[in-house]
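Some notes on the structure that comes next.
The values are calculated or read from the model by the stated rules, or taken from the named source; none is laboratory data. As the structure is a prediction and not an experimental result, all values here were calculated from the model. A quick note on method: Cβ atoms are made from the backbone with ideal geometry, for glycine too, and the neighbour counts reach across all protein chains shown.
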Amino acid sequence: MSSGHNNLYEFGEFRFDPRSKVLWRQDEVLPLPPKATDVLAVLIADHGDLIERDRLLHSVWHDTFVEEGNLNNAISLLRKILGEDGIIQTVPRRGYRFTAEVKECVNDVDALVLERQTTSHTFIEEREVVSEEVNGHAGALTGAVAKTNRRYLSLASVGVALIALAVGGWFYLRNTAAGSEAQRGPIGSIAVLPLRSFSNDSANEELRLRITDALITKLGSFDKLVIRPTNSVLRYASQDRDAIAAGKQLGVDTVLDGRLQEEEGRLRVTLQLVSVSSGDQLWSEQFDGRSGEILALQDAISNRLRRAFAFVESAEFNRRPPNNNEAYEAYLKGRFLWNQRKRESYFTALEYFQKSIDADPNFSLAYTGISDSYHLLQQRNVISTFEAFEKAEAAARKALELDPESAEANTSMGSVHFIRYARWGEAQRYYQRAIELNPNAAEPYARMGMLLNAWGRFDEAYAVLKKAESLDPTSINNAIYLGANFYFSKQFDRAEAQFNKILEFAPGTERAHFFLARIKEMDGRYEDAMEHHLREREISNPDSIAPLREAFQIGGIRSFWRKQIDLMKEELKKMHGLENHIASRYVLLGEKGPACEYVGQNLEVRGSMQNYGRVDPIFDPIRNDPQFRELMKRWEPEI
């Protein structure tokens with residue numbers, strides 16, 4: 001190599017040669033992977049200026065699809081080597097700035113040849129750790145050393161080359177062994193975080209969440225592996241989330257984090273499985289597919305994970321999904337809308353579930369989607385129990401007919417027996433069967449817990465609901481059900497603490513305000529009760545807030561209750577199942593006759609009184625009233 005001159009950068013105790021990609025601390029050569037070295041070169045070249053993340057990605061990885069986590073890993077490694085004193089400054093949501101004072105100097109190129117030859121192949125790039133490539137790198141390094149020896153016939157150069165080779169081999173073997181050990185370690189739970197976009201925007205959100213839901217469904221079929229459900233991970237869909245923090249909040253061992261790029265129907269998904277406790281990347285890979293072939297994509301990903309971590313396939317793994325991509329795509333779109341938990345989205349979800357059935361009439365899961373949608377429409381008083389559960393039951397029966405071993409179908413049928421018919425014994429059998437089929441699914445535990453609450457078996461309900469919470473610790477519904485357990489069992493202090501905790505992280509939760517209002521009414525804290533009632537109505541009927549507050553200001557709590565009755569009687573013309581709420585206001589007013597009248601009306605329409613009227617403490621003042629007892633006896637549940 002001919003002699004020449006080369007610019008060298010100095011900052012603090014460091015020197016960096018961007019052409020030969022060598023970093024020194026004083027006289028010590030510091031080993032860096034090639035991509036980290038490239039990142040450092042870009043940062044130093046524009047030191048003091050903001051360097052956008054996209055520019056760094058393009059400059060270092062060019063047009064290659066790459067997970068942004070690779071850039072994060074490179075920055076993290078550089079900070080460890082350079083020190084954590086702010087030399088590389090993060091500009092939130094934008095990029096980085098190299099803040100050290102940099103001086104340029106000139107150095108002879110040939111003086112750096114030896115260091116360059118002995119360090120350039122020390123590290124193996126991510127995704128390239130296979131035996132053939134390792135041998136290739138070792139051969140290239142040996143050749144470089146031989147060439148150096150011929151050119152620099154000195155014992156020192158041979159020594160340096162051999163040391164570099166030994167150090168490089170030690171680093172490689174250590175990292176490879178650590179990676180292998182990490183993969184062999186037990187993984188009990190995974191949170192599949194919603195895929196992000198490579199372009200850092202909201203493009204393709206619906207597609208990204210559909211693929212995420214498909215992966216959750218597929219991985220949830222592995223035996224003894226807990227996968228957080230879609231409802232729990234949706235809150236982490238933002239582009240700038242912290243995957244490790246999300247994993248800690250979700251209470252999992254690992255998070256599967258990734259990005260999606262779509263171009264003219266072609267998909268590229270880049271994924272990495274990261275340990276929540278250590279932050280180590282345990283596995284990463286890139287997958288290509290097409291937007292209309294999500295089935296093949298999810299199968300490829302789940303099969304790679306199964307092989308990498310020796311996950312065991314359960315019967316569920318091989319039973320679903322169907323072979324019809326069109327049916328599965330429509331089903332995923334329906335579940336995407338269903339998971340939004342908005343009244344208007346349930347009707348659109350129903351349309352997609354029907355499209356799924358039209359494409360494949362034998363697809364069991366599409367029928368469970370229909371059943372679950374009508375269930376929630378009834379629960380939100382949009383459709384009457386009769387109308388909703390006539391359709392919910394038909395869909396659940398069809399799902400079971402097509403697939404008797406479906407946990408989802410058994411859960412849906414359990415709810416039909418519980419809510420429509422008050423057949424508690426049958427409901428319990430279906431829920432238990434669902435748990436046997438998929439012991440890692442939270443939903444059947446949660447619904448079983450509410451059945452046991454209605455039954456008055458509060459200790460059993462508590463144990464089952466805690467299991468649901470452990471499987472899905474961020475579920476607001478599970479938290480509400482646990483609070484209801486405290487409320488129905490008259491542990492009012494624990495109930496109040498539980499619902500207040502819910503409001504801390506989900507202030508708009510209507511049911512939390514509903515239960516807190518009742519607790520405070522029974523305790524005589526009327527002004528607090530009134531405020532919670534108004535907060536509950538902010539979503540369902542905000543126009544009613546002003547007249548209710550005025551009623552309280554004029555006539556106190558009794559005037560407030562009477563105004564509530566007037567409003568709910570009017571709302572009952574369009575909504576369903578409000579009779580029990582009207583009855584509870586009459587109970588608080590001490591008017592047993594009207595209270596029993598509306599209890600009877602609610603029982604006639606199969607409202608919530610048939611299941612929870614026996615345990616709701618707000619009805620304790622009329623529990624021994626002959627009319628009330630006769631009504632409840634007439635609608636005795638089937639055990």
Quick one: which residue in Asp253, Asp257 is in contact with a Gly (Cβ under 6 Å, 6 or more places away or on another chain) and not aliphatic (A, V, I, L, M)? Asp253
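Does Arg174 fit the bill of being assigned to a helix (DSSP H, G or I), more than 15 Å from Ala308 (Cα to Cα), at pLDDT below 80 and not polar (S, T, N, Q)? Even if it seems obvious, please write down each step before you answer.
Working: assigned to a helix (DSSP H, G or I): yes; more than 15 Å from Ala308 (Cα to Cα): yes; at pLDDT below 80: yes; not polar (S, T, N, Q): yes.
Spelling it out, Arg174 is indeed assigned to a helix (DSSP H, G or I), more than 15 Å from Ala308 (Cα to Cα), at pLDDT below 80 and not polar (S, T, N, Q).
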What residue, of Asn500, Asn541, is among the polar types (S, T, N, Q), modelled with pLDDT under 95 and surrounded by fewer than 20 Cβ atoms within 10 Å (Cβ to Cβ)? Asn541
Taking the residues in segment 356-396 that are more than 28 Å from the chain's Cα centre (by Cα) and of a type in the set (Phe, Trp, Tyr) as candidates, determine which candidate is farthest from Ile419 (Cα to Cα). Phe386
For Lys467, all conditions in the list (1) more than 23 Å from Gln610 (Cβ to Cβ); (2) modelled with pLDDT under 95 hold save one; what is the number of the exception? (2)
Residues in segment 255-271 that are surrounded by 21 or more Cβ atoms within 10 Å (Cβ to Cβ) and more than 15 Å from Arg208 (Cβ to Cβ): how many? 1
Output the helices (runs of 4 or more DSSP H) that fall wholly within segment 546-639 and possess 2 or more residues being touching a Cys at 6+ places or on another chain (Cβ under 8 Å) and among the small types (Gly, Ala, Ser), or say none. none
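Go through segment 350-363 and report how many residues are surrounded by fewer than 24 Cβ atoms within 10 Å (Cβ to Cβ) and assigned to a helix (DSSP H, G or I). Let's see the steps before the verdict.
Residues of segment 350-363 that are surrounded by fewer than 24 Cβ atoms within 10 Å (Cβ to Cβ), as a first pass: 350-352, 354-355, 357-362.
Restricting the remaining residues to those that are assigned to a helix (DSSP H, G or I) gives 350-352, 354-355, 357-359.
Total meeting the criteria: 8.
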Return a yes/no flag: does segment 55-62 have any residue that is at pLDDT below 85, farther than 22 Å from Arg97 by Cβ and of a type outside the set (A, V, I, L, M). yes
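Somewhere in segment 328-348, is a residue assigned to a loop (DSSP other than H, G, I, E, B), within 19 Å of Gly292 (Cβ to Cβ) and of a type in the set (D, E, K, R)?
In the first step, residues of segment 328-348 are kept if they are assigned to a loop (DSSP other than H, G, I, E, B); the result is 339-342.
Pick out the ones that are also within 19 Å of Gly292 (Cβ to Cβ) and you get none.
Scanning segment 328-348, I find no residue that is assigned to a loop (DSSP other than H, G, I, E, B), within 19 Å of Gly292 (Cβ to Cβ) and of a type in the set (D, E, K, R), so the answer is no.
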Residue pairs, Cβ under 7 Å, 6 or more apart or interchain, first in segment 29-49 and in the same structural domain as Leu77 (by TED's automatic domain parsing) and farther than 16 Å from Lys80 by Cα, second small (Gly, Ala, Ser) and in a loop (DSSP other than H, G, I, E, B). List them. His47/Ala100
